[in-house]
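The values are calculated or read from the model by the stated rules, or taken from the named source; none is laboratory data. Here the structure is a predicted model, which means the values were calculated and not measured. Neighbour counts run over all protein chains shown; Cβ positions are idealised from the backbone, glycine included. We work out accessible area using only protein heavy atoms, side chains counted, and drop any ligands, DNA or RNA first. Shrake-Rupley method; radii C 1.70, N 1.55, O 1.52, S 1.80 Å.
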Amino acid sequence: MSLRFVLLRSKLVVFLITAISILSFSASFYFSTRDGMGISGSFDSINYLLGFPYSEVGFKLPLDETNTIFLSAFGGYDFIRSTYFMRLSPDFNVEKISVSIPLELSTRIVQTDEATETGRFNIGIATSIRFENIDFAISAYYSAFYLFYDPAFSVNIPTVYTDDIFRSALNIKVSYIQPSFSISFGYFASLCWLSYRASFITGENSAYVEAKLKIRF
């Protein structure tokens, strides 16, 4: 990726943050050793996360009068990986427990002369439980369907990929939450099941720290 491209994307993020500041409402500044930095918040049913390298915006709508069932839809972009994300999920909230079943598509635009993976369809489950000021969250994803670019026809073709690759991902996070700030410690790993060893191996795996601070624009 060229320096000019990075600077252009960075200017776009700065512009969006400035536009939000003009609206004058509260948000949260976040910093993560895994996901970068930026601001996040909500305005009516609109939720946003504007930062670098990842930004997204979407909505979360209640489907019942008790605010137990929600429908969420988000679109995002990773500036470093040049990858688009689209996510749709039903969300269920019961007292201090929340459960989501996200369906996600990640895709990127490539120019290549050979068949290349350009996207994945992921299905997952994410749950969190709140104990006083402590929130425990765990999410898992699995990808079975893929997009492959066929240079002969210049199109992306959905397919089922059967090779032993890292199809699964696991994310565990524990957060200490206060009204004005929160701090989280997490662990992320991509997983692959080896049938001949009857065990998992990990690819990308790392611990991370995340902090949020509520601010008023």
> Given the conditions (1) open to solvent by less than 60 Å² (accessible area, probe 1.4 Å); (2) more than 24 Å from Ile183 (Cβ to Cβ); (3) more than 14 Å from the chain's Cα centre (by Cα), and given that Ser28 satisfies all but one, which numbered condition is not satisfied?
Replying inline: (2)
>> One residue is enough: does the stretch 83-95 have a residue meeting the conditions under 15 Å from the mean Cα position of the chain (by Cα), modelled with pLDDT of 95 or more and polar (S, T, N, Q)?
In response: yes
> Quick one: in the stretch 139-156, which of the residues that are hydrophobic (A, V, I, L, M, F, W, C) and open to solvent by 60 Å² or more (accessible area, probe 1.4 Å) is farthest from Leu103 (Cα to Cα)?
Replying inline: Ala152
> Has the stretch 96-108 got any residue that is closer than 20 Å to Tyr48 by Cα and open to solvent by 50 Å² or more (accessible area, probe 1.4 Å)?
Replying inline: yes
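Let's see how each residue does on (1) within 26 Å of Ile183 (Cα to Cα); (2) surrounded by fewer than 18 Cβ atoms within 10 Å (Cβ to Cβ); (3) out of contact with any Lys or Arg (no Cβ under 8 Å at 6 or more places or on another chain); (4) not small (Gly, Ala, Ser):
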| site | (1), (2), (3), (4) |
| --- | --- |
| Met37 | yes, yes, yes, yes |
| Leu49 | yes, no, yes, yes |
| Phe52 | yes, no, no, yes |
| Leu61 | no, yes, yes, yes |
| Thr68 | no, yes, yes, yes |
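Table: residues versus (1) under 19 Å from the mean Cα position of the chain (by Cα); (2) in a strand (DSSP E or B); (3) closer than 26 Å to Ser40 by Cα; (4) not charged (D, E, K, R).
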{"position": "Ile157", "(1), (2), (3), (4)": "no, yes, no, yes"}
{"position": "Leu170", "(1), (2), (3), (4)": "yes, yes, yes, yes"}
{"position": "Pro179", "(1), (2), (3), (4)": "no, no, yes, yes"}
{"position": "Ile183", "(1), (2), (3), (4)": "yes, yes, yes, yes"}
{"position": "Cys192", "(1), (2), (3), (4)": "no, yes, no, yes"}
{"position": "Arg197", "(1), (2), (3), (4)": "no, no, no, no"}
{"position": "Gly203", "(1), (2), (3), (4)": "yes, yes, no, yes"}
{"position": "Lys212", "(1), (2), (3), (4)": "yes, yes, yes, no"}
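Restricting to the stretch 78-90, name every residue that is open to solvent by less than 30 Å² (accessible area, probe 1.4 Å), assigned to a strand (DSSP E or B) and within 17 Å of Gly119 (Cα to Cα).
Taking the stretch 78-90 as the starting set, the residues that turn out to be open to solvent by less than 30 Å² (accessible area, probe 1.4 Å) are 78-79, 83, 89.
From the residues that got through so far, the ones that are assigned to a strand (DSSP E or B) too are 78, 83, 89.
Listed by number, the residues that qualify are Asp78, Thr83.
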> Looking at Arg167, Arg197, which one is without any contact (Cβ under 8 Å) to a residue 40 or more places away in the chain, more than 30 Å from Val110 (Cβ to Cβ) and basic (Lys, Arg)?
Replying inline: Arg197
>> Against the condition surrounded by 15 or more Cβ atoms within 10 Å (Cβ to Cβ) and modelled with pLDDT of 90 or more, how does Gly41 come out, does it pass?
In response: no
